[in-house]
Amino acid sequence: MWCARCGLISRMAHPEVMRPPAVPVVHVVWITAGLGCDGDTIAMTAATHPSIEDLVLGQLPGVPQVRLHNPVLAYEVGDAFLAFLRSAAAGQLDPFLLVVEGSIPNEKIKEEGYWAAMGTDPVTGQPITTCEWIDMLAPKAWAVIAAGTCATYGGIHAMAGNPTGCMGLADYLGWQWRSRAGIRIVCIPGCPVQPDNFTETLLYLLRQVAGQAPMIPLDEALRPTWLFAETVHEGCDRGGYYEQADFAAGYGSKTCIVKLGCWGPVVQCNVGKRGWMGGIGGCPNVGGVCIGCTMPGFPDKFMPFLDEPPGAKMSSSAVIMYGRTVRALRQFTQASLNREPSWRHPRSELTTGYLAPAKHGPAGSDGAGE
Ligand code: SF4
Ligand code: SF4
């Protein structure tokens, strides 16, 4: 490593210059006590870019090391685990990022009992509801992340007819809510969350904590813009089939599955491009229609699943004439491109079109010396 001051490589020359900047430890306090299935926690263990192991072991140069407090993955159980949450709520765990998983039930609509809770109050002996944990922890957190569609927008639990009145974290805290560091709620939707989308966003926030990154860019639905600006369709392996109006009539086909119910053309999600684990998979890439799980309108606005989306009927019909014509023309061109040029042969004549220089010298010259 070069010394920026004198150009020496010696680590002894200017130790104060060579020393890397101090990198803090950042706690990640993760509540899975919303209405959910813990699927986002499980998904996160499949992350590779970066992996959760990289973050917990502090393997990324300059990035703060993570101390993860997640009830599914923690070594501690019971009160030993809750001690971290109590410390965070008391302002003794600093800085920490709060991750909320599961949708937030509305405890105000009940006369008695509760919808969701974790641990008990040592004074009253009463359960501490998920809402109370959020009320205690969110104001102390450096940033708050909603992981998965249930926590971001309510998800399946929040569909029409549900008894809990549950909602996403932004519905609960307010869409304009900001953390003490001035950061809006960071929503990473997905049912479950795409593993690398979660860890990459976590990495961004860790860099922001360390002063290495500007304010995290979020769209109007509070999603990181670099992850959710494009549609599934724009990154789908099957996009070429759509363009050529090659639509599957049943499962097991490699062609576009829009007529089987794929909402990819209008859904903002990078799973088509990113894949699921280690770049492999991703709903439509492997034959599963996109049902729009990263969108605030999910699930109600995408139902009934597995029916051709209303808009797709029109757009896919519009594509048919163009697509079939283009496909026929491409097949014609492709057939030509699949044949070698005619001058590649073993005959005793040269038919490449090569013109020998001697036959092109000035009049009266044999070309020698030129
Ligand atoms: S499968 Fe879905 S996302 Fe992929 S090309 Fe077809 S409509 Fe688009
Ligand atoms: S491709 Fe569609 S169904 Fe699959 S994760 Fe993305 S939004 Fe959800």
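Which net charge results when you count Lys and Arg as +1 and Asp and Glu as -1 among the other residues whose beta-carbon is under 12 Å from that of Arg180?
+1
Tell me the Rg and the Dmax, in Å, that the Cα atoms of region 180-332 produce.
Cα-based Rg and Dmax for region 180-332 come out at 17.7, 63 Å.
Using the Cα atoms as the points, what is the convex hull volume per residue of region 199-263 in Å³?
Taking only Cα atoms, region 199-263 has a hull volume of 117 Å³ per residue.
Report the full-extension gain for the segment Gln65 to Ala210: residue separation times 0.36 nm, less the Cα-Cα distance, to one decimal in nm.
Stretched fully, the Gln65-Ala210 segment lengthens by 51.1 nm.
Taking the convex hull of the alpha carbon atoms in region 60-109, what volume per residue do you get, in Å³?
Each residue corresponds to 135 Å³ of Cα convex hull volume.
Test of understanding: extend the Cα→C-beta vector of Ser317 to 7 Å, then name every residue of region 257-301 with backbone N under 18 Å from that spot.
Only 258-262 fall inside the zone, counting backbone N under 18 Å.
For a distance above 17 Å, tell me the whole-number percent of Cα pairs in region 74-202 that qualify.
Roughly 61 percent, rounded to a whole number.
I'd like the distance between the alpha-carbon centres of region 143-199 and region 103-138, rounded to an integer number of Å.
A separation of 18 Å, based on Cα centres.
What are the ³J(HN,Hα) values, in whole Hz, obtained from phi via the Karplus relation 6.51 cos²θ - 1.76 cosθ + 1.60 with θ = phi - 60°, for each residue of region 90-101 in sequence order, with x given for Gly and Pro?
8, x, 9, 10, 9, x, 9, 9, 9, 10, 10, 10
Kindly write out, for region 289-303 in residue order, the coupling ³J(HN,Hα) from the Karplus curve 6.51 cos²θ - 1.76 cosθ + 1.60 (θ = phi - 60°), rounded to whole Hz, with x marking Gly and Pro.
Here the 3J(HN,Hα) series is 5, 6, 10, x, 6, 8, 9, x, x, 6, x, 4, 6, 10, 9 Hz.
List the pair-distance distribution P(r) of the chain, using every Cα-Cα distance, as the percent of pairs falling in each 10 Å bin from 0 up to the bin containing the longest distance, rounded to whole percents.
With a bin width of 10 Å, the distribution comes to 5, 19, 24, 17, 12, 9, 7, 4, 2, 1, 0, 0.
Quick one: if the Förster radius is 51 Å, what FRET efficiency do Ser348 and Val326 give, using the C-beta to C-beta distance and rounding to 0.05?
With a Förster radius of 51 Å, E is 0.75.
Kindly write out, for region 327-332 in residue order, the coupling ³J(HN,Hα) from the Karplus curve 6.51 cos²θ - 1.76 cosθ + 1.60 (θ = phi - 60°), rounded to whole Hz, with x marking Gly and Pro.
Running phi through 6.51 cos²θ - 1.76 cosθ + 1.60 with θ = phi - 60° gives 4, 5, 5, 5, 5, 5 Hz.
What trypsin sites (Lys or Arg not before Pro) does region 227-318 have in DSSP loop regions with at most 10 other beta carbons within 10 Å?
Within region 227-318, no trypsin sites (Lys or Arg not before Pro) qualify (loop, at most 10 other Cβ atoms within 10 Å).
Any chance you could look up the accessible area of Thr45 with a 1.4 Å probe, heavy atoms only, rounded to 10 Å²?
Here the accessible area works out near 70 Å².
The values are calculated or read from the model by the stated rules, or taken from the named source; none is laboratory data. All figures in this text were calculated on a predicted structure; none of them were measured in a lab. With ideal geometry, Cβ positions are generated from the backbone for all residues, glycine too; neighbour counts draw on all protein chains shown. Keep in mind that these areas ignore ligands, DNA and RNA; they rest on the heavy atoms of the full protein, side chains included. Shrake-Rupley method; radii C 1.70, N 1.55, O 1.52, S 1.80 Å.
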